[in-house]
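Contents: one structure, followed by commentary.
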Amino acid sequence: MEMEILSTRSDADNHISCVAMSLYEQERTCARCGHEEVRELPPLVAAFEERRQWTDPCSQCGSHVFSSSSEELPPLDAEILEEWATNGNLSLDQQDEDLLMARADWFPLLSEFVQRRDLPHQKRSVLL
């Protein structure tokens, strides 16, 4: 994981402040030519299966067939959970979302969200 500076600004006294964001790597290897590609994704892209889909062809040979791929996922936090809870089209993992979220260290955050009245039924059932 790397940090990328998104913006800098200075105030009236010329103090500079930076806003940094963690980036998460996604890798793939072309089945035809063996070319390895890496890209970095911000957390709100890397966290969701629908947003991290990599559909571009291989940059070397144009193939759409890849022999391997891997992705680094961000830890669940309030911002990611809020995005997931309010967007019915997003999933952390389409097959095993409930298992992915079943970590003891995430329980306080998840229990806070499950009590929300505005949480859609579909999302609530995943948390329960």
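None of Val38, Val19 is assigned to a strand (DSSP E or B), surrounded by fewer than 11 Cβ atoms within 10 Å (Cβ to Cβ) and at pLDDT 70 or above except Val38.
In summary, helices (runs of 4 or more DSSP H) completely within segment 51-116 and bearing 1 or more residues that are of a type outside the set (S, T, N, Q) and at pLDDT 90 or above occur at 78-86.
The values are calculated or read from the model by the stated rules, or taken from the named source; none is laboratory data. All of these numbers come straight from a predicted model, not from anything done at the bench. Neighbour counts run over all protein chains shown; Cβ positions are idealised from the backbone, glycine included.
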